[in-house]
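In what follows, a structure is listed as structure tokens, so that the remarks can point back to it.
The values are calculated or read from the model by the stated rules, or taken from the named source; none is laboratory data. Small disclaimer: the values here were computed from a predicted structure and weren't measured. Note: ideal-geometry Cβ built from the backbone for every residue, glycine included; neighbour counts use all protein chains shown.
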Amino acid sequence: MSLLSPEFLSYLEKLDLLIKRSVKGSSVGERLSSRYGRGIEFQDYRSYEIGDDFRYIDWNIYARLDKLFVKLFREEEISVINILLDISKSMGFGNPSKLYFGKQLSASLGYIGLVNYDLVNLHCISSTVEKSLESLRGRTNVMRLLRFLDVLEPQGITFLNTAIRDSLRGLKGKAVFIILSDFLDPNGYEEGLKILSARGYETFVFHILSEEEIDPLISGSVKLIDSETGEVIELDEIDDILKGYKQTLGRFLEGIESFCLDHSIEYIRASSSIPIDRVVLYYMRLAGWLK
Amino acid sequence: MSFLSPIYFLFLIAIPIVIFLYLLRTRRQILIVPSIYLWKRYTKEELRYSVFKKFLKDILLILQILTIILLTLGLVKPAIFSSVIARNVVFIIDTSCSMQAKDIKPTRFDLAREKALEKVDALGRGTSISVFASDSKTKFLLDYTTDKRLVKEVIKRLYPTDTEGDIGETLSYIEKLNKKPDLIYVFTDGAFEENIPPNLNIELLTFSKDDNNAGITDISARDTGIKGEKEIFIKVKNFSKNKKSIPLQVWEGERLIETDSLDLNPKEERIVIVGPKRFSGIVKAMIYPNDLLSTDDKAYLTFPRVKPSVLLVTKENPYLEIALSLADISILDKTDSFNLEMLSKYDIVIFDGTAPNDILPGNYIFIGKIPSNIPLQVVDITERPTIIRVDATSPIMRFVNLNDMTIKRAVVFESSQGKSLIKVKDGSILWSYEGNLGRIVTFGFYLEESSLIESPSFPILVKNIIGWLGENPSPGVAYTGNVITLRTKKMNEDVTIITPYGVVKRETDDRRSITFGDTYKVGVYSFKSSVGNIDVGVNLCSFLESDISPKVSSKEFKGNAEYRERVLLNTDVWKFLVLGALGTIFLEGYLFYGRRKVS
């Protein structure tokens, strides 16, 4: 598979997504929950109360102390990881393209989820959910995930709010959302992220930028055509206004970052030109996304 | 504008070429970008900056085109005729009596003044304005000035007079000025002769609507021939289109002496005769026509009781001079030579031992000699004449006793006219006349050759003669705007004049006379001086002013406010144009390189 090298995959096997909130899905999994319940890992004792299952009474202690104590076990739960990958046309830019970078990230995070026996859903979004690969679980689905990612092409116009809303359809219980996008949406992103935050989903936002957005290599008088909408803007003497553009970009990035901070959303941004292994193995671990 | 080398207009072809090159230069690189969202956001934030940049870019093109235009204009060598709007504007405001008419509220004059002030405001900033008022005189109020505030102050101070207007004369005056106005605004009711000079650019603004007016058009007094009795003639005319019933009152002082009611048809004139009567003091005629102009509803005549002025033409006659000093005389002047013009200034002239060949009508005393044109023939020269009869009925001979009078030598007259006051054998030696030539008393003897001068009756006789000759003064009357001339006894004497608009003072000149021309209100003017009080009635009595009907339409004299003067400017203007083109090139270079340095 060209997206990820085998060596990089071997590194990923040792990693796990650091989920802080309870993300209990519909079935039992391998991820230890912070809650007590059914499981095999002993955690603690407590006094027996009427209604407790007799099976969990520790008869040895009863024999010694003549008191009833119940054994408590750490519940093991399944994590539902929803990866929302922006595949709009604007993601097709950059070297490598932001979409390729997004696919690499999706593959990496999906692989980590699968090897940790989490339930992985991959939604490809633009103005809505364009394609989905759902309910992947276990190592056996790795190839399916990679093949799915491999054939993705940029398409559609970005409507993040609509797409996020669409991805929530049919979703029950808690889940993790990982959003991979360039966030170049004139209609904004705030509404969609607010919904996720309000429903209690643990959300990770990965903001992908291309080098040509960070430092545009254009000069003179230009006619810029929007790749998604076909809208045109004419600019004269662009060299003179690049500084102003960069300031605008800075304000835009700061705006997203502070929004995520305010809504307890994890946020990382990176250029698509940064190697994926460095992003995953260094930046994500540094940011506390992976352990 | 003319062009001396129009072929160079071909150079203007360069303009489309420059525009074409500009368009080529501004061809934009087309780029497809992920999203223009951030660019749009930036341009919204920096809109002002972008607009400035665009302007800076466009201004380079404008400068290039301007350079080509200036160069082209320089090459074609323009000979420019300047076209300027009126620079020198004259305001003539009619202050004649008819402007007081109330057919326009409050008056024609008030509206005219208001419109004049509006015109001043409407004129351009650099316009020079001069102001004239026109009534019986042309009043030059303000020389050309661009100070509109001053012009408005002058106009605001104007008021209408009771005088007859003459806009035509004012226009003629302005026509003769060195500095010709480009435009003349005339604010009038049109009541003036239409002798407007054709070479003046005039915009006439007329203010009149109605003709409802009747007025006194003349007042005069005539002798009846009966001992100072006179008849007063009053002319009243109805100028309106409707029939009018007009009450008339005539007052002598505080006493109403005549009342009448005149039914006048449209445009009808009626003469009312008052008297015969010995009038004295001030006679006032009043009509009450209920019309739009009240100034012409009254007229005055005065009958002054003034002492006569006397000129004594003599070599030397102390007895006569003493006797004259005792008579009721205002002025006594003595001379040994004379001319006819001099004689007309005095009420009575006494020729002692001399006489002109002919006399004009007047009051005269001839002693010893007579002129040829009086109706008197010399019959004889007699030694020691015997007085046969004295006419004691004559006022001249009242209280005169000639019983012991002796005369050394006398000329005997005979006449079919006049009265023989002292009759001798073949005629008379003292004769009086009253007729076309006025009043004349002739002595047939030299006073110093008689015992009369030593007689107590001599001063009485002189006083009687002076009293008879001076008893018929003309009534004092003048018209508004006229100059009243008055003689007093002293030089540089202060004369107080009580006018209808207040008290003024004047000083007599070296010839002991004053000339008073500020008679711009109808009424009685009282002159208080060493000769006593002299009242003069000043009246409007003008057909022109009383006829307040609308006359001249504003449309007929619509001047061209944008009067244009064609002046050929210096043809060397091309040098300045080329210089301007070089300037634009430098400016463009500065902007272009300056901008590059910044970027």
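Within the set of pairs 6 or more residues apart or between chains, which connect a residue that is farther than 17 Å from A:Leu160 by Cα inside segment A:198-215 to a residue that is part of a strand (DSSP E or B) with Cβ atoms less than 6 Å apart?
A:Glu202/A:Val176; A:Glu211/A:Ser271
Scan segment B:472-484 and tell me whether some residue there is in contact with a helix residue (DSSP H, G or I) (Cβ under 9 Å, 6 or more places away or on another chain) and in contact (Cβ under 8 Å) with a residue 24 or more places away in the chain.
Yes, some residue in segment B:472-484 is in contact with a helix residue (DSSP H, G or I) (Cβ under 9 Å, 6 or more places away or on another chain) and in contact (Cβ under 8 Å) with a residue 24 or more places away in the chain.
For residues in segment A:181-234 being aromatic (Phe, Trp, Tyr) and under 17 Å from A:Thr158 (Cβ atoms), which is farthest from the other protein chains (Cβ to nearest Cβ)? Don't jump to the end; show me each part of the working.
At the first step, the residues of segment A:181-234 found to be aromatic (Phe, Trp, Tyr) are A:183, A:189, A:201, A:204, A:206.
Retained after the next criterion (residues that are under 17 Å from A:Thr158 (Cβ atoms)): A:183, A:189, A:206.
Numbers: A:Phe183: 9, A:Tyr189: 12, A:Phe206: 16 Å.
Per the stated criteria, the residue is A:Phe206.
Out of B:Ser549, B:Ser553, I need the residue that is at pLDDT below 75 and hydroxyl-bearing (Ser, Thr, Tyr). Which one? Step through it out loud before you land on a result.
Values: B:Ser549 fails: at pLDDT below 75.
The conditions single out B:Ser553.
Which of the residues that make up segment A:235-253 are charged (D, E, K, R), at the interface with chain B (Cβ under 7 Å from one of its Cβ atoms) and surrounded by 14 or more Cβ atoms within 10 Å (Cβ to Cβ)? Step through it out loud before you land on a result.
Kept after step one, since they are charged (D, E, K, R), are these residues of segment A:235-253: A:236-237, A:239-240, A:243, A:246, A:251.
Add one more test, that the residue is at the interface with chain B (Cβ under 7 Å from one of its Cβ atoms), and what stays is A:236-237, A:239-240.
Scanning segment A:235-253 gives A:Asp236, A:Glu237, A:Asp240.
With respect to the numbered conditions (1) part of a loop (DSSP other than H, G, I, E, B); (2) closer than 30 Å to B:Thr170 by Cα, which one is the sole condition not fulfilled by B:Leu204?
The failed condition is (1).
Does any residue of segment B:8-25 turn out to be within 14 Å of chain A (Cβ to nearest Cβ), within 30 Å of A:Leu184 (Cβ to Cβ) and either at pLDDT below 75 or part of a helix (DSSP H, G or I) (or both)? Full working, then the answer.
First, pick out the residues of segment B:8-25 that are within 14 Å of chain A (Cβ to nearest Cβ): B:22-25.
Narrowing further to those that are within 30 Å of A:Leu184 (Cβ to Cβ): none.
No: segment B:8-25 contains no residue that is within 14 Å of chain A (Cβ to nearest Cβ), within 30 Å of A:Leu184 (Cβ to Cβ) and either at pLDDT below 75 or part of a helix (DSSP H, G or I) (or both).
Report every pair of residues separated by at least 6 positions or lying on different chains whose Cβ atoms are under 6 Å apart, first residue within segment B:274-297 and farther than 30 Å from B:Lys105 by Cβ, second of a type in the set (A, V, I, L, M, F, W, C).
Correct list of pairs: B:Val274/B:Ile232; B:Val274/B:Val250; B:Gly275/B:Ile232; B:Phe279/B:Phe303; B:Ser280/B:Phe303; B:Ile282/B:Val524; B:Val283/B:Leu301.
Out of segment B:284-310, which residues are within 26 Å of the chain's Cα centre (by Cα) and in a loop (DSSP other than H, G, I, E, B)?
B:Asp291, B:Leu292, B:Leu293, B:Ser294
In segment A:139-150, what residues are farther than 11 Å from A:Ile87 by Cβ and either at pLDDT 90 or above or touching a His at 6+ places or on another chain (Cβ under 6 Å) (or both)?
Initially, segment A:139-150 is screened for residues farther than 11 Å from A:Ile87 by Cβ, giving A:139-148, A:150.
Result: A:Thr140, A:Asn141, A:Val142, A:Met143, A:Arg144, A:Leu145, A:Leu146, A:Arg147, A:Phe148, A:Asp150.
Taking segment A:224-282 only, how many residues are closer than 28 Å to A:Arg199 by Cα, free of Cβ contacts under 8 Å to residues at least 40 places away in the same chain and polar (S, T, N, Q)?
So the count comes out to 1.
I'm trying to understand the selection: among the residues of segment B:424-436, which are part of a loop (DSSP other than H, G, I, E, B) and buried (at least 19 other Cβ atoms within 10 Å of the Cβ)?
Residues of segment B:424-436 that are part of a loop (DSSP other than H, G, I, E, B), as a first pass: B:424-427, B:436.
Within segment B:424-436, B:Val424, B:Gly427 qualify.
Does segment B:300-321 contain any residue that is acidic (Asp, Glu) and touching a residue at least 60 places away in the same chain (Cβ under 8 Å)? Even if it seems obvious, please write down each step before you answer.
The first filter runs over segment B:300-321 and keeps only residues acidic (Asp, Glu), leaving B:316, B:321.
Next, only the ones that are touching a residue at least 60 places away in the same chain (Cβ under 8 Å) stay: none.
No, segment B:300-321 contains no residue that is acidic (Asp, Glu) and touching a residue at least 60 places away in the same chain (Cβ under 8 Å).
Can you find even one residue in segment B:279-297 that is polar (S, T, N, Q) and buried (at least 22 other Cβ atoms within 10 Å of the Cβ)? If you could, list the steps in order and put the result at the bottom.
Within segment B:279-297, the subset polar (S, T, N, Q) is B:280, B:290, B:294-295.
Filter once more, keeping what is buried (at least 22 other Cβ atoms within 10 Å of the Cβ): B:295.
Yes: one or more hits.
Considering only segment B:410-423, I want to know if a residue exists there that is basic (Lys, Arg), in a strand (DSSP E or B), surrounded by 13 or more Cβ atoms within 10 Å (Cβ to Cβ) and under 58 Å from the mean Cα position of the chain (by Cα). It would help to see each step written out before you state the result.
The first filter runs over segment B:410-423 and keeps only residues basic (Lys, Arg), leaving B:419, B:423.
Keeping just the survivors that are in a strand (DSSP E or B) gives B:419, B:423.
Okay, now just the ones that are also surrounded by 13 or more Cβ atoms within 10 Å (Cβ to Cβ), so B:419, B:423.
Next, only the ones that are under 58 Å from the mean Cα position of the chain (by Cα) stay: B:419, B:423.
For segment B:410-423, residues basic (Lys, Arg), in a strand (DSSP E or B), surrounded by 13 or more Cβ atoms within 10 Å (Cβ to Cβ) and under 58 Å from the mean Cα position of the chain (by Cα): present.
Can you name the residue in segment B:515-531 that is in contact (Cβ under 8 Å) with a residue 40 or more places away in the chain and part of a strand (DSSP E or B) and is also nearest to B:Cys97 (Cα to Cα) among such residues?
Ranking the candidates gives B:Gly523 first.
Residue-by-condition table, conditions (1) in contact with an Asp or Glu (Cβ under 8 Å, 6 or more places away or on another chain); (2) outside any loop (DSSP other than H, G, I, E, B); (3) surrounded by 13 or more Cβ atoms within 10 Å (Cβ to Cβ):
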| site | (1), (2), (3) |
| --- | --- |
| B:Leu312 | yes, yes, yes |
| B:Glu321 | no, yes, yes |
| B:Asp328 | no, no, no |
| B:Ala355 | no, no, yes |
| B:Ile370 | no, no, yes |
| B:Thr382 | yes, yes, yes |
